[in-house]
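The values are calculated or read from the model by the stated rules, or taken from the named source; none is laboratory data. A quick note: this is a predicted structure, and the numbers were derived from the prediction, not measured. Please note: Cβ atoms are built from the backbone with ideal geometry, for glycine as well, and neighbour counts cover all protein chains shown.
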Amino acid sequence: MMKEDRLYNQFRHTLADYSPTVPESAYKGMRRKLWLSQFLKFNASSFNAWYLGAALIAGLGYGTLRNDTVVAQSAKQDRIDLLMTNTAGMQAQIQCVADGAGAQHETLCKVDICKGHPANGPRPIEHAIQIPAEVLPPLEAGVVYQTNAEPNTANGTVDPQAQEIKPEEKNEIVVKQPNPKPKRKYKVDSFQK
Amino acid sequence: MQMDVQKEMIQGCVKGSKKAQDMLYKKHASLLYGICLRYTKNRMEAQDVLQEVFVKIYNNIHTYHHDGSFEGWLRRIAVNTSITNYRKNLKHAYQADVDVVLVGKDEPMAVEDLEFTAEEMMTCIEKLPTGYKTVFNLYVIEGFLHKEIADMLGVDVNTSKSQLSRAKIYLQRELAAISRVKMASVS
């Protein structure tokens, strides 16, 4: 027991305050680890991973939102173009008939667009519908829509803007977009303002 | 006066002053590196643990309330970090314990009356398997009881006792070998 104590004491006394030289690289590594640990820890007063994360999420959210807006704007733009050149400020209901065979009917936002021959002929217009930009049908880019309809002046509710559509222009509605697909032609059975 | 300097240094560290942090590092890095060396397999690992020790010190220095020895507080962090590191590498350490230590039948030479330098002792400790080394350090240098060591390392009390006993035999042999070399060189 005494011998054991002596050995242990020898180790204890010699090594308790053993202080070897620290390699210089240890300091740099320590600084790196300290910076990382403080960066990962939330601290309201300094920039850290939490702020970076929040900024990234905000950026990502903004990017996504902006992308959506761009898409929406682009879609909306098509419609506005359509309104501007053909139906600006007018009440209108459009029914399109494709030149070729094979009827296709799309009902979009209170506006009927029929690609192909209408099964039941032109629809009677019961009352005109105001088409805001948002509800205008998403007509295909580059597709030329045609209308044979005359402005309906029977009920005397024709908007003065309707006069802007000249007889030779009113028959054609072009949806403008970059890189348009090959043009297809549709007949519009009725186009009432 | 020295206490005031230390207090100022600690307060600087609490505020995150780089100057105060560097001062603390310069003053205590050697001692803490010595502790880390005793518990780790090699110098690279000891450096890693030392870096973690300082990160813990800087991040938790606000919890030191000047009610005990500051050096003791630093030592405790170094020992605890070394134990955490040991437990992290426990699987490999156990493998090494089984593989490396061969306890012979010969009675080890009495080395208790001989003088050894710190480097010689460190060389012997360095050769110990990590498990033995950890128990030896905790019991002999840090002064913990076997029950406390068993709780810290998550082992049985008897495991702690047997590891200390084997470490002692191993160290006696290593020291005996060193003294034989020394005697041979003198004669």
Reported set for the range B:143-164 where residues are within 21 Å of B:I35 (Cα to Cα) and assigned to a helix (DSSP H, G or I) is B:H146, B:E148, B:I149, B:A150, B:D151, B:M152, B:L153, B:S160, B:Q163, B:L164
Filtering the range B:46-71 down to residues that are farther than 18 Å from A:S37 by Cβ and within 12 Å of chain A (Cβ to nearest Cβ), which residue is farthest from the chain's Cα centre (by Cα)?
B:E71
Go through the range B:1-45 and count every residue that is closer than 30 Å to B:L128 by Cβ, touching a helix residue (DSSP H, G or I) at 6+ places or on another chain (Cβ under 8 Å) and facing chain A (nearest Cβ under 10 Å).
12
Some residue of the range B:143-160 being buried (at least 19 other Cβ atoms within 10 Å of the Cβ), modelled with pLDDT under 95, within 9 Å of chain A (Cβ to nearest Cβ) and closer than 20 Å to B:R75 by Cβ:
no
Does the range A:78-91 include one or more residues that are at pLDDT below 85, within 14 Å of another protein chain (Cβ to nearest Cβ) and part of a helix (DSSP H, G or I)?
no
Considering residues that are within 16 Å of the chain's Cα centre (by Cα) and of a type in the set (K, R), the number found within the range B:109-158 is 2
Do we have any residue at all in the range B:132-141 that's more than 21 Å from A:T14 (Cα to Cα), more than 12 Å from chain A (Cβ to nearest Cβ) and either at pLDDT below 95 or crowded, with 16+ Cβ neighbours inside 10 Å (or both)?
no
May I ask you to verify whether A:N67 is assigned to a helix (DSSP H, G or I) and modelled with pLDDT under 60?
no
Take the residues of the range B:48-73 that are among the polar types (S, T, N, Q) and modelled with pLDDT under 95: which is surrounded by the fewest Cβ atoms within 10 Å (Cβ to Cβ)?
B:T63
Checking B:F116 against (1) more than 13 Å from A:F11 (Cβ to Cβ); (2) at the interface with another protein chain (Cβ under 8 Å from one of its Cβ atoms), the condition it does not meet:
(1)
Given the criteria surrounded by 11 or more Cβ atoms within 10 Å (Cβ to Cβ) and closer than 30 Å to B:F144 by Cβ, does A:L36 qualify?
no
Of the residues in the range A:11-53, those that are of a type outside the set (A, V, I, L, M, F, W, C), more than 7 Å from chain B (Cβ to nearest Cβ) and in contact with a Phe, Trp or Tyr (Cβ under 7 Å, 6 or more places away or on another chain) come to A:N48
